[in-house]
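First up is the structure itself, then whatever we jot down about it.
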Amino acid sequence: MITSTSNQQIKNLLQLQKKGKVRKEQDVFVVEGVKMYQEAPGERIVKTYVSKTFYEKPENKKLLAGDRLEVVEDRVFDAASDTKTPQGILSIVKQSHYNLGEILTSSATPHLLILENLQDPGNLGTIMRTAEGAGVNGIIMTSDTVDIYNPKTIRSTMGSLYRVPFFYTGNIEEVLKELREKSIKTYAAHLKGARSYYEEDYSAGTAFLIGNEGNGLSEGLSARSDCYIKIPMSGQVESLNAAIAASILMYEVKRQRRI
């Protein structure tokens, strides 16, 4: 049993929780809680850590794969956790890697999101969770978007992180070129949109461009889209939260396609 916060494994857990660079170097990330542990693909779990109290409950022992398990003193586990009220279980999991080609060819009529410079981890996690519910085939992100393996993002995905393909790109121009080649139409949620989002036909390949929480889509990326669309507003509201706007658009595709 690990009884000290100076233990090298605990130090590594803390680094993985706090630093994207360390996660990238080791090609892993940390998930917390029973749900995230149970939904993680077994072959991708590197190691699981449980608090002494958690481990001593008979019903919990049935959940655990003992060959990759480490029991940790409660106070040490709490120190390693990123949550205020830890459930007593966390795992190191191998990262997923998807390529653009498999995302673009995952469906005859792909339904995609392109996120530009999103910075709020909760927003990104919510978008991913909603994307799974709406039947989105993949999420493409500019390289300056927040790390998908940020602990707050992971919690917000509620497990969708394991199932929704995603891809970071440092060359959005090349991505848009490939979308055009595959006849996937791009829509920019923009105040200059002449038509409301529900007036468009999304039965063919569709990709929505969603911008930064504070500034929206950059003019450069907006101008490269095939079509501007708007979400009608009442009152004095000018824009919606990025995750809310993305959800409205994603579910309109689901409604039109009846999937």
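Give ILE248, ILE244 a once-over and let me know the one that is modelled with pLDDT of 90 or more, assigned by the TED database to the domain that holds ALA194 and farther than 18 Å from GLU200 by Cβ. Even if it seems obvious, please write down each step before you answer.
Numbers: ILE248 fails: farther than 18 Å from GLU200 by Cβ.
Result of the check over ILE248, ILE244: ILE244.
Can you list residue pairs whose Cβ atoms sit under 8 Å apart, with the first residue in the range 228-243 being open to solvent by 70 Å² or more (accessible area, probe 1.4 Å) and the second being among the basic types (Lys, Arg)? Count only pairs 6 or more apart in sequence or on different chains.
Listed pairs, sorted by first residue: LYS230/LYS192; LYS230/ARG195.
Quick one: is SER239 hydroxyl-bearing (Ser, Thr, Tyr) and either farther than 27 Å from THR153 by Cα or out of contact with any helix residue (DSSP H, G or I) (no Cβ under 8 Å at 6 or more places or on another chain) (or both)? Lay out the reasoning, then the answer.
Numbers: hydroxyl-bearing (Ser, Thr, Tyr): yes; either farther than 27 Å from THR153 by Cα or out of contact with any helix residue (DSSP H, G or I) (no Cβ under 8 Å at 6 or more places or on another chain) (or both): no.
Taking the combined requirement at face value, the residue does not satisfy it.
Which of the residues that make up the range 39-65 are over 23 Å from ASP147 (Cβ atoms) and open to solvent by less than 60 Å² (accessible area, probe 1.4 Å)?
GLY42, VAL50, SER51, PHE54, ASN60, LEU63, LEU64, ALA65
Those residues that are surrounded by 16 or more Cβ atoms within 10 Å (Cβ to Cβ) and either in a helix (DSSP H, G or I) or not assigned by the TED database to the domain that holds ARG75 (or both), I need them from the range 8-38; list them, please.
Just the residues of the range 8-38 that are surrounded by 16 or more Cβ atoms within 10 Å (Cβ to Cβ), to begin with: 10, 12-14, 16-17, 23, 28-33, 36-37.
Selection gives ILE10, ASN12, LEU13, LEU14, LEU16, GLN17, ARG23, MET36, TYR37.
Might you check whether a residue that is at positive phi and either open to solvent by less than 30 Å² (accessible area, probe 1.4 Å) or in contact with a helix residue (DSSP H, G or I) (Cβ under 9 Å, 6 or more places away or on another chain) (or both) occurs anywhere in the range 151-171? Give the steps one after another, and end with the answer.
We begin by selecting, within the range 151-171, every residue at positive phi; these are 158-159.
Filter once more, so that each one left must be either open to solvent by less than 30 Å² (accessible area, probe 1.4 Å) or in contact with a helix residue (DSSP H, G or I) (Cβ under 9 Å, 6 or more places away or on another chain) (or both): 158-159.
Yes: the range 151-171 contains one or more residues that are at positive phi and either open to solvent by less than 30 Å² (accessible area, probe 1.4 Å) or in contact with a helix residue (DSSP H, G or I) (Cβ under 9 Å, 6 or more places away or on another chain) (or both).
Would you mind stating whether GLY216 is touching a Ser or Thr at 6+ places or on another chain (Cβ under 7 Å), at pLDDT below 95 and on the phi > 0 side of the Ramachandran plot? Steps first, answer last, please.
Numbers: touching a Ser or Thr at 6+ places or on another chain (Cβ under 7 Å): yes; at pLDDT below 95: yes; on the phi > 0 side of the Ramachandran plot: yes.
So GLY216 fits the description; yes.
Please specify each residue of the range 133-147 satisfying the condition of being open to solvent by 20 Å² or more (accessible area, probe 1.4 Å), in contact with a strand residue (DSSP E or B) (Cβ under 9 Å, 6 or more places away or on another chain) and small (Gly, Ala, Ser).
Scanning the range 133-147 gives GLY135, SER143.
Of these, ARG195, ARG224, ARG258, which one is under 22 Å from GLY133 (Cβ atoms), open to solvent by 70 Å² or more (accessible area, probe 1.4 Å), modelled with pLDDT under 95 and of a type outside the set (Phe, Trp, Tyr)? Talk me through it step by step, then tell me what you get.
Working: ARG195 fails: under 22 Å from GLY133 (Cβ atoms); ARG224 fails: under 22 Å from GLY133 (Cβ atoms).
Matching residue, one of ARG195, ARG224, ARG258: ARG258.
Give me the residue from the range 109-132 that is in a helix (DSSP H, G or I) and open to solvent by 10 Å² or more (accessible area, probe 1.4 Å) and, out of that set, nearest to MET158 (Cα to Cα).
Initial filter on the range 109-132 (in a helix (DSSP H, G or I)): 121-132.
Now narrow it down to the ones that are open to solvent by 10 Å² or more (accessible area, probe 1.4 Å): 121-123, 126, 129-130, 132.
Values: PRO121: 13, GLY122: 11, ASN123: 13, THR126: 9, ARG129: 7, THR130: 10, GLU132: 11 Å.
Here the residue is ARG129.
Regarding the range 17-39, can at least one residue be identified that is among the hydroxyl-bearing types (Ser, Thr, Tyr), closer than 22 Å to ALA79 by Cβ and touching a strand residue (DSSP E or B) at 6+ places or on another chain (Cβ under 9 Å)? So that I can check it myself, show each step before the final result.
Taking the range 17-39 as the starting set, the residues that turn out to be among the hydroxyl-bearing types (Ser, Thr, Tyr) are 37.
Pick out the ones that are also closer than 22 Å to ALA79 by Cβ and you get 37.
Still in the list and also touching a strand residue (DSSP E or B) at 6+ places or on another chain (Cβ under 9 Å): 37.
Looking through the range 17-39, at least one residue is among the hydroxyl-bearing types (Ser, Thr, Tyr), closer than 22 Å to ALA79 by Cβ and touching a strand residue (DSSP E or B) at 6+ places or on another chain (Cβ under 9 Å).
The values are calculated or read from the model by the stated rules, or taken from the named source; none is laboratory data. Small disclaimer: the values here were computed from a predicted structure and weren't measured. Counting neighbours? That spans all protein chains shown, and the Cβs are built from the backbone with ideal geometry, glycine included. Note: accessible area is taken over every heavy atom of the protein model, side chains too, but ligands, DNA and RNA are not part of it. Shrake-Rupley method; radii C 1.70, N 1.55, O 1.52, S 1.80 Å.
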